[in-house]
Amino acid sequence: MNLLPKTREEFAQTDYWNEFFKKRGEKAFEWYGEYLDLCDQIHKYIKPVDKILMLGCGNSKLSVDMYDTGFRYITNIDISPVAVKKMLEQNARTRPDMKFLQMDATAMTFSDESFSVALDKGTLDALFVDDAVETRAVVENYFKEILRTMRNGGRYVCISLLQEHILNFLLDFLPRHNCMLRIVHCLGVEQANKEKNADDAMKLPVFVVIATKFKSLPMPILEFGLGNDKMQRFTESAELSNAVSSVQKAALVCNGLARSSIAGHDEVTLDLYRPSENTPRYSIYILDQPAARGLGKYAAFIVPQGREVEWLFGTPAGRKKLQASAKFQRLAVVTLHRDQVYNTLDEVKAELGDTVTSLAPFGLNEQIPYLSLGSDVGKRETLISGFSKISGDFRIEEVAAGGKTLRRLIFLSNQFVVQSEALVKTSKWRRIIAAWGIFLYSHFISVKIKGKKERKKIDFGYLACQHHLYMSVGVQLATTLQNPKKNEQKDVLVIGLGGGGLCSFLHGALPHSRITAVEIDPIMLEVAEQYFELKQDKRFHVVIDDGLAFVERCRNEDIHFDAVLFDVDSKDLSLGMSCPPQGFLAHDVLLHIKEIIGPKGLFMLNLVCRDETLKTEAMANLQKVFPAVCSYKLEEDINEVVYCANDEKYKTVEHWQKAMGTAGRGLNTAIKEHKLANEDALEVAEFLSELKI
């Protein structure tokens with residue numbers, strides 16, 4: 001199409017518009033949508049009794065369509081005599097009450113307060129071609145004329161793309177001149193263009209600006225809306241500017257996704273906010289894979305509340321696996337955020353509808369399927385919101401996942417990572433009483449069960465974090481290295497308590513162990529005791545101290561442990577290694593550990609590192625200090641459990657496999673004996689096959 005301006009400056013030139021309308025001929029040119037696309041907003045702010053001034057009518061059919069639907073008091077003006085002549089020729093006989101005048105909108109000849117509505121469809125954008133001083137002077141005259149010819153209570157209704165300099169001008173000028181300012185994202189135009197599938201269709205977001213004139217306003221009134229949604233009121237112009245900017249930036253992403261595939265590239269992420277809120281309501285991850293036989297074109301997958309932290313939904317690699325199993329070329333994975341209310345899956349689908357549609361590949365003419373794990377949005381209940389001076393804001397929450405109820409500790413500074421997790425079960429005795437009551441009621445008499453709700457208990461046999469299971473194997477191994485006597489107690493040191501799940505499991509599964517946990521944050525001990533049922537006794541106690549200081553003190557005081565575990569995260573999320581903090585792998589710290597575990601002990605750490613250089617450096621540091629180092633990489637996580645020993649016989653992977661095999665089978669037996677589970681917790685053969693040195 002060769003009728004669009006080659007440079008923006010041409011917009012403001014009369015000669016350009018004369019030439020434009022000569023080329024265009026009889027065909028109407030609708031810059032920002034047709035009447036049907038805009039009618040929802042037009043009828044909301046303009047009434048048939050209004051006296052309407054159409055600013056820069058061109059050859060648009062908008063005023064003609066409005067006239068035909070009952071708006072009879074319309075005066076059209078345009079700077080181009082060619083456009084005015086053509087419109088008069090087309091409408092003089094069929095629409096005799098509608099006026100067409102050749103006039104410069106910056107110097108109108110109408111008397112003051114002649115109109116109740118000034119309607120501008122793209123004229124402001126055509127005038128405001130840049131932010132030069134001369135251009136701003138023209139635009140100021142334009143608005144002064146509009147306000148001069150408008151009655152009090154009248155409205156300036158403008159259809160615009162709201163480029164940044166235009167928006168900034170409106171936010172400054174209109175409130176200063178006693179105008180209430182409302183901006184609405186006009187979804188109807190974009191949806192119509194999408195349905196047309198036209199290559200030359202406008203792809204930028206279109207906005208309706210409504211400025212209502214008052215004699216005086218004690219304070220600025222600024223509002224924003226999405227389509228026909230409820231208006232959001234702002235107190236600062238920057239908030240309104242950010243709302244508009246967010247829509248525009250999202251449109252750029254959607255346009256790119258509509259025209260091209262990102263197969264072979266990183267996924268694209270969008271956060272969706274309600275206009276008045278500072279935290280996202282949804283996050284959408286868009287993935288593409290190459291077209292292939294048997295693949296659908298596009299689908300959306302809604303992740304139930306609380307499941308977003310799982311590997312399949314919470315990591316790029318997991319989402320790729322999800323897409324492969326869903327079998328769609330493009331998949332939009334939607335996660336739901338905490339501190340939001342979601343009632344039903346159907347409501348969520350309806351709320352996401354426009355956005356999901358806007359992310360579809362170009363030319364898609366079929367209904368978009370919505371996938372999920374069930375028929376509801378899941379359940380997330382916040383038990384407590386707390387604050388720690390060390391870890392910041394945190395939550396204890398319960399979520400329903402896969403038929404289970406899980407209690408989680410979440411640090412909001414890293415809210416997609418579960419710090420601690422426990423399986424919640426209800427009291428078996430109360431379930432029996434409830435069942436017996438139902439039996440009596442249905443067979444003999446009416447019995448009312450009194451008392452509290454079913455009591456919740458933590459299942460200590462459940463290890464939510466898989467790396468804890470493999471660390472437990474190491475603890476089991478550490479107790480067999482010295483061939484201990486049957487009742488001999490073995491000392492275990494755990495740096496990092498969290499919710500205490502690992503310590504509680506070790507306490508229950510390995511009764512020959514004596515556990516010391518070191519936690520720097522006293523708030524975490526309170527959390528573990530009150531919400532994760534952590535109990536200290538003669539075999540388990542917690543020390544509130546800095547972990548590194550405690551290790552150094554043990555070395556200086558010649559205190560030894562058979563097993564030492566590092567399971568502590570870094571608070572600096574900008575680093576490539578999030579667990580443990582880099583200071584925990586300093587050379588002098590590792591030397592302290594080497595002395596503490598002695599010749600037959602074992603040192604284990606949970607290594608979480610996305611930076612391969614840092615990871616290589618960490619492993620090299622360990623190998624400099626410990627003669628034998630072995631590791632196990634979890635299949636669906638970036639966690640890697642590293643085992644370090646002073647005993648040189650473990651220099652070969654075969655020796656590690658033999659010892660770990662014995663320890664793994666011993667752990668499974670202990671778990672069953674102490675009724676922590678009815679089946680093997682560890683797949684020993686698979687575990688041994690993946691060990692490496």
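The values are calculated or read from the model by the stated rules, or taken from the named source; none is laboratory data. Note that the coordinates shown come from a computational prediction; the quantities given were computed from them, not determined experimentally. All Cβ positions, even for glycine, are placed from backbone atoms using ideal geometry, and neighbour counts span all protein chains on display. Heavy atoms of the whole protein, side chains included, go into the accessibility calculation; ligands, DNA and RNA do not. Shrake-Rupley method; radii C 1.70, N 1.55, O 1.52, S 1.80 Å.
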Of everything in the stretch 359-373 that's of a type outside the set (Val, Ile, Thr) and open to solvent by less than 40 Å² (accessible area, probe 1.4 Å), which residue is farthest from Leu252 (Cα to Cα)? Ser372
Taking the stretch 136-153, which residues are open to solvent by less than 20 Å² (accessible area, probe 1.4 Å) and in contact with a helix residue (DSSP H, G or I) (Cβ under 9 Å, 6 or more places away or on another chain)? Val139, Tyr142, Phe143
Taking the stated definitions as given, is Leu170 at pLDDT 90 or above, in the same structural domain as Leu147 (by the TED database) and part of a loop (DSSP other than H, G, I, E, B)? no
Could you identify the single residue in Glu397, Glu421 that is outside any loop (DSSP other than H, G, I, E, B), open to solvent by less than 10 Å² (accessible area, probe 1.4 Å) and either of a type in the set (Asp, Glu) or over 22 Å from Glu529 (Cβ atoms) (or both)? Glu397
Any hit, the stretch 134-143, residues being of a type outside the set (A, V, I, L, M), free of Cβ contacts under 8 Å to residues at least 40 places away in the same chain and either under 13 Å from Val209 (Cβ atoms) or not assigned by the TED database to the domain that holds Gly56 (or both): yes
All but one of (1) closer than 21 Å to Ser246 by Cα; (2) surrounded by fewer than 20 Cβ atoms within 10 Å (Cβ to Cβ); (3) aromatic (Phe, Trp, Tyr) hold for Tyr285; which doesn't? (2)
Is it the case that the stretch 255-275 has a residue that's open to solvent by less than 60 Å² (accessible area, probe 1.4 Å), touching a Phe, Trp or Tyr at 6+ places or on another chain (Cβ under 8 Å) and among the polar types (S, T, N, Q)? no
Could you give every pair whose Cβ atoms fall below 6 Å, whose first residue belongs to the stretch 60-84 and is in the same structural domain as Gln102 (by the TED database), and whose second residue is surrounded by fewer than 19 Cβ atoms within 10 Å (Cβ to Cβ) and assigned to a strand (DSSP E or B), counting only separations of at least 6 or pairs across chains? Thr75/Lys99; Ile77/Leu101; Pro81/Gln102; Val84/Gln102
Does Val348 fit the bill of being under 25 Å from Arg330 (Cα atoms) and either at pLDDT 85 or above or of a type in the set (Val, Ile, Thr) (or both)? yes
Considering only the stretch 591-693, give the helices (runs of 4 or more DSSP H) lying wholly within it that have at least 2 residues that are at pLDDT 85 or above and farther than 21 Å from Asp491 by Cβ. 612-625, 653-673
In the stretch 242-266, what count of residues is obtained for those that are without any contact (Cβ under 8 Å) to a residue 60 or more places away in the chain, under 15 Å from Tyr298 (Cβ atoms) and among the hydroxyl-bearing types (Ser, Thr, Tyr)? 1
